[in-house]
1. Would you pick out the residues in the range 292-312 that are open to solvent by less than 20 Å² (accessible area, probe 1.4 Å), among the aliphatic types (A, V, I, L, M) and without any contact (Cβ under 8 Å) to a residue 60 or more places away in the chain?
2. What's the total number of residues in the range 19-29 that are open to solvent by less than 40 Å² (accessible area, probe 1.4 Å), touching a residue at least 60 places away in the same chain (Cβ under 8 Å) and out of contact with any Ser or Thr (no Cβ under 9 Å at 6 or more places or on another chain)?
3. Tell me the helices (runs of 4 or more DSSP H) entirely within the range 238-349 that contain at least 2 residues that are in contact with a strand residue (DSSP E or B) (Cβ under 7 Å, 6 or more places away or on another chain).
4. Take the range 127-164 and flag every residue that is surrounded by 16 or more Cβ atoms within 10 Å (Cβ to Cβ) and more than 17 Å from Phe17 (Cα to Cα).
5. Would a scan of the range 83-100 turn up a residue that is β-branched (Val, Ile, Thr), more than 18 Å from the chain's Cα centre (by Cα) and surrounded by fewer than 20 Cβ atoms within 10 Å (Cβ to Cβ)?
6. Considering only residues that are open to solvent by 60 Å² or more (accessible area, probe 1.4 Å) and modelled with pLDDT of 85 or more, look in the range 228-245 and name the one that is nearest to the chain's Cα centre (by Cα).
7. Is it the case that Leu270 is open to solvent by 20 Å² or more (accessible area, probe 1.4 Å) and either out of contact with any helix residue (DSSP H, G or I) (no Cβ under 7 Å at 6 or more places or on another chain) or hydrophobic (A, V, I, L, M, F, W, C) (or both)?
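The values are calculated or read from the model by the stated rules, or taken from the named source; none is laboratory data. Since the model is a prediction, treat every value here as computed from it, not as a measurement. Heads up, the Cβs are rebuilt from the backbone with ideal geometry, glycines too, and the neighbour counts pull from every protein chain shown. Side chains included, ligands, DNA and RNA excluded: accessible areas come from the protein's heavy atoms. Shrake-Rupley method; radii C 1.70, N 1.55, O 1.52, S 1.80 Å.
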Amino acid sequence: MMRVLGPVLTAHYLAAFTALGMPVFMPRVLGALAPDAPAWLAGALYVLPTVCTALTATTWGRLADRYGRRLSLLRAQLGLALGFAMAGFAPHLGWFVLALAIQGTCGGSLAAANAYLATQFGRDGSLARALDWTQFSARLAMVSAPALLGLAMAWGSPQALYRYLALLPLVAFAVTLCLPRDDGHATHAATRATAPAWRDWLGLLGVQFLFYFAMVVTFPYFVPYAERLGVTRDATAGLLYSLPHLVYLVALPWWRGAAMAPDRPLLLGLGVFSLACLAHAMAPSPAWIVAARLLYGAGMLLALGGLNRALGQRAAGGHAGHVFGLFDACGKWAGAAGGLTAGALVSRIDLAAPFVAAALAGLAAVATAALVFRPLKRSLHVPASDT
């Protein structure tokens, strides 16, 4: 297992570190590249790669099923390297915007990595466990990249960091070249032989969208909310922001959910997550926030684990590229909607409103999982025809 999983996780961490670290510093990059740019442009450029990935993920997934998942993973890594190199050497704002669009359009390394893993692991629980670890590498990058790149800001201009970061996806490309090839044409033939249960997919997509929306809507204004509660140091606010992801990193190696039916951790995790969001909204002090963040991390671990088990049961086979591309696009659209909603709620209500919205979306995800996902788990696939 580790002969394949280890290199895939290494390559994915390098790509995720590249993609997740710099958006946090978008205002500084724009301040140096285009000092007269309006303040709203930083937010728009923050979500531009996400929107481009959402628009193209399903197309890349179909191409991966036809021509090979390892090839698609190599494509994602080269696209990320190209986008960051162009951003690092951009002479003006228009070139920089084009670089971000290329980064998003040609990216999607998480979906590509998961689709490749589906060629190496089966529905016996091994694929679900592998998907847990790709989430682990993503959370590790989310925690480590902003902190390390923040320290690197002292070495030179923010834009110059894009040039150095472009090297990391190239290292990931070299690692991926050492992985076994998969037969894209054979898996594409398997796609035609096995038709997915579309009502089941729609139910899971609904849960995915609601859960990712609930997570992202709490991100943009967490630091100002913590400051309102009395957290005065930036380092403390940043640690509180990262705490749920640290819970995931610490707890995952000890969590043994591979043999569980997916509905159990999913429903429990969504419920715990919703409760944690309500606790954030009602927090009277920073100490309360610490407990709420720990609960948030536990809910995130269980919910993501349940989703991974549901995907692991459905995605192993010839249509894995399309499935993971579709779910990646769904998550990206949910993230974009969450970011826009957070801004609207804070400007019209207050800083606690995004957490209330997250709790409501989490409860809606519980209802969707209970009413749509669970009754359909007995009919995961339509049997292949004899023709």
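1. Looking only at the range 292-312, we keep the residues that are open to solvent by less than 20 Å² (accessible area, probe 1.4 Å), and these are 292-293, 296-297, 299-301, 303-312.
If we keep only those that are among the aliphatic types (A, V, I, L, M) as well, we get 292, 300-301, 303-304, 307, 310-311.
Passing the criteria: Ala292, Leu301.
2. Step one: of the range 19-29, the residues open to solvent by less than 40 Å² (accessible area, probe 1.4 Å) are 19, 21-23, 25-26, 29.
Add one more test, that the residue is touching a residue at least 60 places away in the same chain (Cβ under 8 Å), and what stays is 19, 21-22, 25, 29.
Right, trim to out of contact with any Ser or Thr (no Cβ under 9 Å at 6 or more places or on another chain) and you get 22, 25.
Going through the range 19-29 one residue at a time, the tally reaches 2.
3. In the range 238-349, there are no helices (runs of 4 or more DSSP H) which contain 2 or more residues that are in contact with a strand residue (DSSP E or B) (Cβ under 7 Å, 6 or more places away or on another chain).
4. Leu127, Ala128, Arg129, Ala130, Leu131, Asp132
5. Of the range 83-100, the ones β-branched (Val, Ile, Thr) are 97.
Retained after the next criterion (residues that are more than 18 Å from the chain's Cα centre (by Cα)): 97.
Narrowing the set further to residues that are surrounded by fewer than 20 Cβ atoms within 10 Å (Cβ to Cβ) leaves 97.
Looking through the range 83-100, at least one residue is β-branched (Val, Ile, Thr), more than 18 Å from the chain's Cα centre (by Cα) and surrounded by fewer than 20 Cβ atoms within 10 Å (Cβ to Cβ).
6. Result: Tyr241.
7. Numbers: open to solvent by 20 Å² or more (accessible area, probe 1.4 Å): no; either out of contact with any helix residue (DSSP H, G or I) (no Cβ under 7 Å at 6 or more places or on another chain) or hydrophobic (A, V, I, L, M, F, W, C) (or both): yes.
Here the answer is no, as Leu270 does not meet what is asked.
The rows are residues; the columns are (1) over 30 Å from Pro35 (Cα atoms); (2) at pLDDT 90 or above.
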{"residue": "Leu127", "(1), (2)": "yes, no"}
{"residue": "Ala130", "(1), (2)": "yes, no"}
{"residue": "Ala154", "(1), (2)": "no, no"}
{"residue": "Leu165", "(1), (2)": "no, yes"}
